[in-house]
Amino acid sequence: MSFSLAIIGRPNVGKSTLFNRLTGKKLALVDDRPGVTRDRREGDARLADLRFTIIDTAGLEEGAQASLEGRMRAQTENAVLIADAILFVIDARVGIMPDDKYFADLVRRAGKPVILIANKAEGKAGEQGVIESFALGLGDPVPLSAEHGEGMSDLYDALRLALPEETAEPDDEEIEFVEKLHDDDEDGSDLDITKPLRITVVGRPNAGKSTLINRLLGEERLLTGPEAGITRDSIGVDFEWNHRAIKLFDTAGLRKRARVVDKLEKLSAADALRAVRFSEVVVLLVDSTIPFEKQDLTIADLAAREGRAVVIALGKWDLIEDRGSKLTLLREEAERLLPQVRGCPVTPVSGASGQGLEGLMSSIFHTHEIWNKRIATAKLNRWLLSTVEETPPPAVSGRRIKIRYMTQAKSRPPHFVLFGNQLEELPASYERYLINGLRKTFALPGVPIRISKKSGENPFEGKKRQR
């Protein structure tokens, strides 16, 4: 049972609210003003026993193809092409508008099953709009309230009727086949190489994030243009690179907090930060023509504080003339300005020409491996012994700080625990000294390194004495 549905309609009829209702998550930004959604967004949806892919789209508006509205409409038309059926949504409280009639004709010509949804139909305010919707000639409307979850059983029945083959109950042979697949999976390795690597692309507005992602995908999947701030939602796209599954997230451009006063921009920024927190590798896309602005450094610091692996992509590289010396200079600047992720890859790319994509993806995979790296305890303590002997920690109030033991507590990012006496007095400068030593000795460039401290005896010493 696998099919896809595209939600389309005028702006502000509740398409994103319905998308969030069917996915069971607040994935799409929702606001009272029209035109919040611009890119199409896909999600895994569920309605009773039905499982399907749902596609949220921008509100249909008339406009020249070169305009932003025209490019948004082209994205919606692409969603209609790939969907098995269409959910055409109107606002029952407003009633039928001229645009509804115009776009209903376009939907009818698509040749796909269409389910007419009269949203916001709760209460008496929506009754007249439900009656008016018969005039669109798209069959019986489904009165619905996406916000309150009313009418979902009627939508379920309409889906069964519109897609009888796709929504049919699986037969006994299909169930047996699926169960066998699960049994085979249980006998396999614990390492799930098919799990998508989650990558989030972040940067200032108009840095070229959507253009770069489109070039990686090989299609115009995301809305682009000369206007700054086109992307609002954090859009996740699944694709493969050299047979590796990837979930790639495009995000809204992040400006200085003091400049963000619009409610919608605040929602977009919060959505971008959420995408960073749930990613594994963060690609900071920097405009090479105006590199390492203060906001770039702030974004990189945010990713490091969240514990993400960081890769810096120098975008718009096709506009740089003296590329060799410029690259050397920018890598030196990255080392100086971003000590918290010292050694992170700095890779030149161009979304316009496709230059540097192989190098970027190679850097991402390599940094992800480092982010997952574990170091043997014996190696750590041999290094710790020589390091402390060479440069012991300073005394505090005449008392020596003793570091006796070190172990790696976890990876993703690498996190180490020190055991000893008076470690709460250990200066931050000495912690940085240890972090730099770990990074250099064990090849940990480009990832944040965490250190925790526990005062007291080495927990392993007691076990040795018991033996």
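The values are calculated or read from the model by the stated rules, or taken from the named source; none is laboratory data. Model, not experiment: these values are computed from the prediction. All Cβ positions, glycine included, derive from the backbone under ideal geometry; neighbour counts span all protein chains shown.
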Inspect all residues belonging to segment 360-382 and state whether any of them is basic (Lys, Arg), under 20 Å from Lys454 (Cβ atoms), buried (at least 16 other Cβ atoms within 10 Å of the Cβ) and out of contact with any Cys (no Cβ under 8 Å at 6 or more places or on another chain).
-> no
Collect the residues in segment 209-243 that are at pLDDT 75 or above, farther than 21 Å from Asn78 by Cβ and out of contact with any helix residue (DSSP H, G or I) (no Cβ under 7 Å at 6 or more places or on another chain), keeping them in residue-number order.
-> Asn242, His243
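Those residues that are out of contact with any Gly (no Cβ under 7 Å at 6 or more places or on another chain) and outside any loop (DSSP other than H, G, I, E, B), I need them from segment 285-295; list them, please. Full working, then the answer.
From segment 285-295, those out of contact with any Gly (no Cβ under 7 Å at 6 or more places or on another chain) are 289-295; that's our starting set.
Answer for segment 285-295, where residues must be out of contact with any Gly (no Cβ under 7 Å at 6 or more places or on another chain) and outside any loop (DSSP other than H, G, I, E, B): Lys294, Gln295.
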Sole miss for Gly129 among (1) touching a strand residue (DSSP E or B) at 6+ places or on another chain (Cβ under 7 Å); (2) over 15 Å from Leu18 (Cα atoms); (3) not in a helix (DSSP H, G or I) is condition (3)
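The rows are residues; the columns are (1) among the hydrophobic types (A, V, I, L, M, F, W, C); (2) closer than 17 Å to Gly149 by Cα; (3) modelled with pLDDT under 80.
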residue	(1), (2), (3)
Ile7	yes, yes, no
Arg21	no, yes, no
Gly63	no, no, yes
Asp84	no, no, no
Leu87	yes, yes, no
Gly95	no, no, no
Is it true that Ser133 is surrounded by 11 or more Cβ atoms within 10 Å (Cβ to Cβ), at pLDDT 75 or above, in the same structural domain as Ile299 (by TED's automatic domain parsing) and within 23 Å of Thr76 (Cβ to Cβ)?
-> no
For segment 310-331, which residues satisfy the criterion of being free of Cβ contacts under 8 Å to residues at least 24 places away in the same chain and under 26 Å from Asn372 (Cα atoms)?
-> Arg331
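Take segment 73-95 and flag every residue that is hydrophobic (A, V, I, L, M, F, W, C) and either in a loop (DSSP other than H, G, I, E, B) or in the same structural domain as Glu220 (by TED's automatic domain parsing) (or both). Quick ask: steps written out before the conclusion?
Residues of segment 73-95 that are hydrophobic (A, V, I, L, M, F, W, C), as a first pass: 74, 79-83, 85-90, 92, 94.
Of everything in segment 73-95, those that are hydrophobic (A, V, I, L, M, F, W, C) and either in a loop (DSSP other than H, G, I, E, B) or in the same structural domain as Glu220 (by TED's automatic domain parsing) (or both) turn out to be Ala83, Ala92, Val94.
Of these, Thr387, Thr441, Thr407, Thr391, which one is closer than 22 Å to Ala334 by Cβ and of a type outside the set (D, E, K, R)? Quick ask: steps written out before the conclusion?
On the way: Thr387 fails: closer than 22 Å to Ala334 by Cβ; Thr407 fails: closer than 22 Å to Ala334 by Cβ; Thr391 fails: closer than 22 Å to Ala334 by Cβ.
Matching residue, one of Thr387, Thr441, Thr407, Thr391: Thr441.
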Of Arg374, Arg412, which residue is closer than 30 Å to Asn242 by Cβ and in contact with a strand residue (DSSP E or B) (Cβ under 7 Å, 6 or more places away or on another chain)?
-> Arg374
Does any residue in segment 131-156 that is on the phi > 0 side of the Ramachandran plot come within less than 6 Å, Cβ to Cβ, of a residue that is part of a loop (DSSP other than H, G, I, E, B) and of a type in the set (A, V, I, L, M) six or more places away or on a different chain, and which pairs are these?
-> Gly151/Leu144
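Among the aliphatic types (A, V, I, L, M), within 25 Å of Ser429 (Cα to Cα), loosely packed, with under 15 Cβ neighbours inside 10 Å and out of contact with any strand residue (DSSP E or B) (no Cβ under 6 Å at 6 or more places or on another chain): does that describe Leu338? Break it down stepwise before answering.
Working: among the aliphatic types (A, V, I, L, M): yes; within 25 Å of Ser429 (Cα to Cα): yes; loosely packed, with under 15 Cβ neighbours inside 10 Å: no; out of contact with any strand residue (DSSP E or B) (no Cβ under 6 Å at 6 or more places or on another chain): yes.
Criteria not met by Leu338.
Any idea which of Ser362, Ser397, Ser452, Ser411 is among the hydroxyl-bearing types (Ser, Thr, Tyr), without any contact (Cβ under 8 Å) to a residue 40 or more places away in the chain and not assigned by TED's automatic domain parsing to the domain that holds Ala304? Give the derivation first.
Details: Ser362 fails: not assigned by TED's automatic domain parsing to the domain that holds Ala304; Ser452 fails: without any contact (Cβ under 8 Å) to a residue 40 or more places away in the chain; Ser411 fails: without any contact (Cβ under 8 Å) to a residue 40 or more places away in the chain.
Going through Ser362, Ser397, Ser452, Ser411 in turn, just one is among the hydroxyl-bearing types (Ser, Thr, Tyr), without any contact (Cβ under 8 Å) to a residue 40 or more places away in the chain and not assigned by TED's automatic domain parsing to the domain that holds Ala304: Ser397.
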Members of segment 343-354 that are without any contact (Cβ under 8 Å) to a residue 40 or more places away in the chain and either under 18 Å from the mean Cα position of the chain (by Cα) or surrounded by fewer than 16 Cβ atoms within 10 Å (Cβ to Cβ) (or both) = Ser353
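If only one of Leu116, Leu191, Leu181, Leu161 is surrounded by 14 or more Cβ atoms within 10 Å (Cβ to Cβ) and either at pLDDT 90 or above or aliphatic (A, V, I, L, M) (or both), which one is it? Before you say what the answer is, go through the steps one by one.
Working: Leu191 fails: surrounded by 14 or more Cβ atoms within 10 Å (Cβ to Cβ); Leu181 fails: surrounded by 14 or more Cβ atoms within 10 Å (Cβ to Cβ); Leu161 fails: surrounded by 14 or more Cβ atoms within 10 Å (Cβ to Cβ).
Unique residue meeting the criteria: Leu116.
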